[in-house]
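Derivation of every value follows stated rules applied to the coordinates shown; laboratory data play no part. Just so you know, these numbers come straight off a predicted model, no measurement behind them. Here Cβ is always computed from backbone atoms with ideal geometry, including for glycine, and neighbour counts include all displayed protein chains.
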C-alpha cells in the first residue's frame with residue numbers, strides 16, 4: 001500500500017535535473033543531426049555514431065578506473081559526442097573522430113574532475129586537438145547533397161586507423177553537381193574574396209562541417225531550448241551581437257576588404273557555437289553582467305580571428321578563450337552584497 | 001602524509017644500499033630531475049621533438065653537469081660562500097660554451113635544430129641546483145656520481161618524451177620510418193603543445209606507479225591509519 | 001603611512017643586525033673573494049680558448065660545406081664558387097673586401113651589402129649566381145638561397161636555409177617535389193632597360209599556374225608558399241638589376 005504524504009504549502013517544485021536539461025539538449029540537436037544526414041548521407045551518420053560512442057566509452061572507462069559513480073545517465077557525454085561530430089568535416093576519417101572523442105572526454109572533462117569541473121567545453125577541446133594534430137584532414141571539405149550519399153561513404157571516412165586519409169579531390173570532382181572548389185564559404189571569402197549568398201547559408205546547402213551549415217535550423221533548435229528555459233538566451237544573443245558589431249565596424253571602415261556582417265553571422269560555425277557551445281553552463285560565467293561580457297568577448301574574438309588569423313574560422317578558439325576568461329569575468333562582476341558597504345568588503349578595518 | 005612515508009622509505013634504502021650506488025641511482029629514478037623534481041622544463045618541452053635532438057640535448061647537459069659538478073666539488077673549499085653563485089655560473093657558462101663549440105664542430109644541422117637551447121643550458125636549474133645542493137658539500141667522487149646519475153636521469157627523461165613525440169608526430173624513430181608511407185603523422189606532437197601533452201602523460205604514469213608502490217609498501221596498520229584520516 | 005615607514009625601519013634594522021658581524025671569520029676579506037673569482041675566470045678562459053682553438057677549423061669547414069652544398073644544389077652543374085659582395089655602388093670579391101676592411105680603407109660597409117656566390121662549372125664557365133632571400137612565413141622568418149642563371153635569365157633552384165614552418169604543412173616548401181619543380185626554370189627576365197623585372201614573380205593558387213614566372217602554391221600551405229614568392233619577388237627586384245650591371249666583372253675574372 002502506498003503512503004500519501006500530505007503537507008502544507010509552500011510546495012517546492014524541483015528544478016529540472018541535469019539529466020532532464022541534457023536530454024532536452026539532445027532533442028534539440030536531433031534535427032541538426034537529421035539535416036546533416038540528409039546533406040552528407042552515410043558519412044555523417046557514421047561520424048555522429050563514432051564520436052558519441054567514443055565519448056561514452058571514454059566516460060565509462062574513466063568512471064571505472066577512478067571508482068566514481070556512473071555518470072553516463074546525465075547524457076553529457078552524449079551531447080559532447082554529438083556536438084563534436086557536428087563540428088567536424090563530414091568526410092573526417094572515423095579513427096580520427098574517435099581520437100577526438102577520447103581527447104574531448106579524457107582531457108577536456110575527466111582530468112578536471114568530471115561534469116561541472118571542466119574549465120573548457122569538452123567537445124571543443126577534442127576538436128582543437130585534432131585541428132592541431134591533423135591539420136590537413138580537418139580542412140578537407142566535400143560537397144553536400146551528392147547523388148549517391150545514401151549508398152556510399154565519402155572515401156576519406158573509412159580510412160584504416162592511423163593511416164593517411166584517401167585524397168578526395170578526384171572524388172569531389174566526380175560527384176559535385178557544380179564545380180566544387182573544396183573550400184567553405186568563409187575560406188572563399190577570406191582567401192579569394194568570393195561572397196556566398198546569405199540565402200544558401202541560411203538553408204545550408206554549402207560545404208562545411210557536418211552540422212554547421214544551416215544557420216536557420218540551428219537558430220530554431222536553439223530557440224526551442226530557450227523557450228523551455230534550458231538555455232541562457234543572453235549568451236547566444238551576446239555572441240551574435242558581439243560578432244555583428246565588430247564586423248559592422250570593419251565593414252564600414254573598408255567594405256571592399258571586409259564582408260557583410262550578415263554573411264559573418266550565418267557562415268561557419270558561429271551559430272552552432274553561439275547556441276550550443278558558448279552557452280554550456282559549466283564554462284560560462286554566472287553573473288548577468290558577466291554573461292554579456294563573456295558573449296560579446298567571444299563574438300569579438302571570433303571576428304578578429306576570422307579576419308586576421310591564419311585560419312578562416314575562429315569560433316572554436318574564441319569560445320575556448322572565453323571559457324578560460326570566465327572565472328575572471330565572474331570574479332570581476334560579483335554583485336555587491338546587499339546591506340554590506342563596499343569599504344568593509346575590500347577595505348581594511350580602521351581602528 | 002605521503003611525503004613522510006617516502007622520506008622514511010628513502011632512509012631505509014640509504015641504510016641497506018652502498019652509499020655511492022645510491023647517490024648514482026637517486027638521480028635516475030627516485031629524484032629524477034624531470035619526472036620527480038620537475039626541473040629544467042624549458043629544454044624538456046622545447047627540444048624533445050625528435051629522438052636525436054633529445055639525445056644530443058641530454059648528453060650536452062650531462063657533460064656540462066658532470067664537468068661543473070666536478071670542478072665545483074674540487075674548488076668547494078676555495079670558493080667563499082658570498083661569491084659562490086657567481087662562481088658556479090662562470091664555471092657552468094664555461095662548459096656550456098665548450099659544448100656549444102663542440103656541437104658546431106660535429107654537426108651544423110644538429111646545432112641549428114637545437115637552436116638557442118644549447119646556450120640556455122647555462123640557466124638550467126638542474127645544473128646550478130646540483131652545484132649548490134650537492135657538489136659544494138661533497139667530495140669529488142660523490143659529486144661526479146651524482147652528476148652522472150642526474151645527467152643520465154635527465155637524458156632518459158628527454159628520450160622518453162622525444163621517443164613518443166617522434167613516433168607519433170613523424171612516424172619515425174631516430175629518423176628510421178617505423179610504419180611506412182601510409183602513417184598519418186600527428187603533427188601536434190612535434191609542435192610545442194605536444195611537449196606539454198606528452199610530459200603530462202608521463203607524469204601521470206610516474207605518479208600513478210609511485211602511488212601504487214607507496215600503497216604497497218605501507219604496512220597494514222599505516223594503511224589503516226591513512227584510511228581513517 | 002607611518003605604519004609602513006615603521007615597518008621599513010624595523011626590517012632594515014633587522015637586516016643590519018644580521019649583517020653586523022658577530023664572528024669575524026664569516027665575512028672573508030675582499031682579496032679572498034677576488035682571488036676566487038679571478039682564479040675561476042682564469043681557468044674558464046683557458047678552457048674556452050683551448051676548445052676554441054681546437055674546434056675552429058672544424059666549424060669553419062662545416063659552415064663552408066653547408067653553404068657550398070646549398071649553392072651547388074641551387075645552381076645545377078656548379079663545382080666551384082667565389083663569394084662576392086654586392087651593393088648599390090660596387091661589386092667586389094669578399095677576399096678583397098676583407099683586406100680593405102683590415103687596412104681601414106673601407107667604403108663599402110656604409111650601404112647595405114649582400115653576399116652573393118658566383119658558381120662555376122668544371123671548365124671555369126659561370127653557370128649561375130646564388131643569393132639569399134628572406135621573408136616572414138607562417139611561424140617565423142624563412143631564409144632561402146636561390147640560384148639565378150644569367151644565361152636563361154631564370155631562377156634555377158631554391159634551398160631552404162632556415163625555416164620553422166608547421167611540420168607536415170608549411171615545411172613542405174623544402175620537400176614537396178611538385179612545389180620545388182616551380183623553381184627549376186622560374187622566369188626572371190629583366191625589361192629592356194635592365195632596371196626592373198619584366199614580370200614580377202608571383203604565387204598563384206594551387207593548380208592555377210599559367211605563366212613561367214608564376215609559382216604554383218602548395219594546397220594547405222598558402223602562407224608559406226606566398227612567403228617564398230614574396231621573398232623571390234623582392235630579392236630579384238632589388239638584386240638582379242644591380243647584378244646585371246656588374247656581371248661582366250664576374251665573367252672576366
*Tilt relative to chain A, helix A:18-40 - C-alpha long axis, 0 to 90 degrees, to 10*: 10
*Can you tell me how much longer the chain between residue C:191 and residue C:246 gets when fully stretched, taken as 0.36 nm per residue apart minus their C-alpha distance, in nm with one decimal?*
18.1 nm
*Other chains near A:145-153: what is the mean number of their Cβ atoms within 10 Å of each residue's Cβ?*
0
*If we sort A:225-234, B:86-95 on the protection proxy, mean other Cβ atoms within 10 Å, highest first, what's the order?*
B:86-95, A:225-234
*Please work out the FRET efficiency for the pair residue A:334 and residue A:223, using the Cβ-Cβ distance as r and a Förster radius of 25 Å; give the result to the nearest 0.05.*
0.25
*From the square roots a ≥ b ≥ c of the eigenvalues of the alpha-carbon gyration tensor of the range A:255-300, which class results: rounded (a/c under 1.5), prolate (a/b over b/c), or oblate?*
oblate
*Can you figure out the FRET efficiency of residue B:119 with residue B:81, using R₀ = 30 Å and their beta-carbon distance, to the nearest 0.05?*
0.60
*What average number of partner chain Cβ atoms lie no more than 10 Å from the Cβ of the residues making up C:220-232?*
1
_Mean separation of Cα contacts under 8 Å, 6 or more apart, over the residue count of the range B:13-228: relative contact order %_ = 32
*Measuring from centroid to centroid over Cα atoms, what is the spacing of the range C:137-155 and the range C:39-71 in Å?*
30
*Take the range A:202-250, compute every pairwise Cα distance, and split them into 10 Å bins from 0; I just need the percent in each bin.*
23, 40, 34, 2
*asked:* If you take each beta carbon of peptide C:48-59 and count the beta carbons of other chains within 10 angstrom, what is the mean?
replied: 4
*Taking Cα atoms, how many degrees apart are the long axis of helix A:76-87 and the longest axis of chain A, rounded to 10 and kept between 0 and 90?*
30
*Taking all pairs of distinct Cα atoms, average 1/r, flip it, and tell me the Kirkwood hydrodynamic radius of the range B:114-229 in Å to one decimal place.*
17.8
*On average, how much area does the Cα convex hull of chain A cover when viewed from any direction, in nm²?*
25.5
*asked:* Apply the a/c threshold of 1.5 to the C-alpha gyration tensor of the range B:106-152 and tell me whether it is rounded, prolate or oblate.
replied: prolate
*Expressed as an acute angle from 0 to 90° and rounded to the nearest 10, what is the orientation of the C-alpha long axis of helix A:215-227 relative to the principal long axis of chain A?*
20
*Scaled radius of gyration (Cα, divided by 2.2 N^0.38 Å) that the range B:69-162 gives*: 1.16
*asked:* What's the whole-number percent of alpha carbon pairs in the range A:1-153 lying beyond 18 angstrom?
replied: 61
*asked:* Can you sort A:56, A:293, B:85 from fewest to most other Cβ atoms within 10 Å of each residue's own Cβ?
replied: B:85, A:56, A:293
*asked:* For the range A:202-276 and the range B:105-157, what is the centre-to-centre distance using only Cα atoms, to the nearest Å?
replied: 54
*asked:* How long are the semi-axes of the equivalent ellipsoid of the protein assembly as shown, defined as square roots of 5 times the Cα gyration tensor eigenvalues? Whole Å, largest first.
replied: 50, 47, 27
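If you take the Cα atoms of the range B:13-228, find Rg, then find the Kirkwood Rh from the mean of 1/r over all pairs, what is Rg/Rh?
So for the range B:13-228, dividing Rg by the Kirkwood Rh gives 1.04.
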*Under the classification rounded if a/c is under 1.5, otherwise prolate if a/b is larger than b/c and oblate if not, where does the range C:125-190 fall, given a ≥ b ≥ c as square roots of the Cα gyration tensor eigenvalues?*
prolate
*Using the reciprocal of the averaged 1/r over all distinct C-alpha pairs, how large is the Kirkwood radius of the range C:166-215 in Å?*
12.3
*Using a Förster distance of 60 angstrom, determine the FRET efficiency expected from the C-beta separation of residue A:30 and residue B:112, and round it to 0.05.*
0.65
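Take each of the peptides B:20-27, B:56-63, average the number of other beta-carbon atoms within 10 Å over its residues, and list them starting from the highest.
Per-residue mean Cβ counts within 10 Å order the peptides as B:56-63, B:20-27.
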*What is the packing order of peptides C:64-70, A:269-275, taking the mean over residues of other C-beta atoms within 10 Å and listing the highest first?*
A:269-275, C:64-70
*asked:* Based on alpha-carbon centroids, what's the gap between the range C:218-252 and the range A:281-324 in Å, whole number please?
replied: 42
